[in-house]
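The structure appears right after this line, and notes come after that.
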Amino acid sequence: MILITAKQHFDEDFRRAIALLSHAKRLPVGELKDDVLRSAWMVGVGASDAFFCDAYADLVSRTLRAKEIQKSGVIPDRLGNLSIPAVAVLDASSSWRWRMAARSIIEKQSVLSLAEVKKFLNIFCRDNHKLLQAKSMGAWIVHSDAMGRNFGVSASEYRAMTPQQKTKTNEKALDKFSSRMQGIFQRRHDCIHNCDRPKIAIQRINEITTEKSIIDVKFLVDRCTEDLRKEYPLYLAANKFNGVTRNKVSA
């Protein structure tokens with residue numbers, strides 16, 4: 001299945017973040033408790049970084065395999081111009097060689113902003129069906145796992161809106177969600193690069209803020225996984241890959 005390994009690894013890493021959070025909740029107030037909370041935050045966001053890199057590698061390898069199977073299929077210039085290690089080209093195992101080639105391309109990258117998520121993954125979507133676009137926010141807003149803090153509107157409020165109101169709300173919701181995610185990613189950066197002291201003083205942290213941030217990162221990854229699994233086969237079809245090829249590379 002598309003993204004199965006990337007998602008399994010994310011879920012494992014998410015559980016590690018939750019375990020750290022649970023441990024922190026049992027600790028007395030103090031520096032150790034705060035630092036375990038920071039560790040949970042870093043692992044939770046790091047899990048999403050690893051997921052998006054693995055997702056890119058997975059979809060690159062599947063797309064290159066599709067082109068190898070069916071020469072008449074079309075791939076974007078960005079993939080056609082990739083620098084592929086010679087060992088990948090010479091390896092006899094088609095599936096494995098393309099995956100290793102894709103991993104070698106992405107292994108030094110970080111995907112810690114929604115702009116980066118879109119940069120790497122929207123090449124596997126049709127032109128009018130990209131990830132993290134305003135028009136796709138409606139489905140996210142009304143999802144059962146959605147939190148109003150991420151979009152500035154509740155599911156019930158959104159459902160009661162007119163189509164025109166929803167269009168305007170979608171734009172605002174995407175801006176709010178992007179800002180929310182960027183704040184979560186930046187806090188992880190602050191923890192790693194300056195021990196959570198971006199200026200003079202160490203930033204305060206608490207259980208509630210940490211838990212919400214980890215949960216919101218999972219919401220982002222879960223929704224992107226669902227959207228990509230729906231969109232990628234349609235993307236292949238739109239690029240002239242037949243059903244036999246799509247089935248082979250999507251299995």
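Could you tell me which residue of the stretch 235-251 is nearest to the chain's Cα centre (by Cα), considering only residues that are under 15 Å from Q70 (Cα atoms) and part of a loop (DSSP other than H, G, I, E, B)? Among them, the one singled out is N239. Listed by position, the helices (runs of 4 or more DSSP H) enclosed by the stretch 115-212 that each have at least 1 residues that are under 20 Å from E231 (Cα atoms), within 22 Å of the chain's Cα centre (by Cα) and in contact (Cβ under 8 Å) with a residue 12 or more places away in the chain are 137-141, 163-194. Just give me the residues in the stretch 214-234 being surrounded by fewer than 16 Cβ atoms within 10 Å (Cβ to Cβ) and either of a type in the set (D, E, K, R) or not in a helix (DSSP H, G or I) (or both), in sequence order. Listed by number, the residues that qualify are E226, R229, K230. Exactly one residue out of L174, L132 is at positive phi, surrounded by 17 or more Cβ atoms within 10 Å (Cβ to Cβ) and at pLDDT 95 or above: that is L132.
Of the residues examined, S144 is one that is loosely packed, with under 15 Cβ neighbours inside 10 Å and under 22 Å from I208 (Cα atoms). Among the residues that make up the stretch 179-192, is at least one of them in contact with a Cys (Cβ under 7 Å, 6 or more places away or on another chain), buried (at least 16 other Cβ atoms within 10 Å of the Cβ) and of a type outside the set (S, T, N, Q)? Scanning the stretch 179-192, I find no residue that is in contact with a Cys (Cβ under 7 Å, 6 or more places away or on another chain), buried (at least 16 other Cβ atoms within 10 Å of the Cβ) and of a type outside the set (S, T, N, Q), so the answer is no. Which of the residues belonging to the stretch 193-213 are surrounded by fewer than 20 Cβ atoms within 10 Å (Cβ to Cβ) and on the phi > 0 side of the Ramachandran plot? Passing the criteria: only C195.
Condition check for A88 on (1) assigned to a helix (DSSP H, G or I); (2) at pLDDT 65 or above; (3) not β-branched (V, I, T): one failure, at (2).
The values are calculated or read from the model by the stated rules, or taken from the named source; none is laboratory data. As the structure is a computational prediction, the values presented were derived from the model and not from experiment. Heads up, the Cβs are rebuilt from the backbone with ideal geometry, glycines too, and the neighbour counts pull from every protein chain shown.
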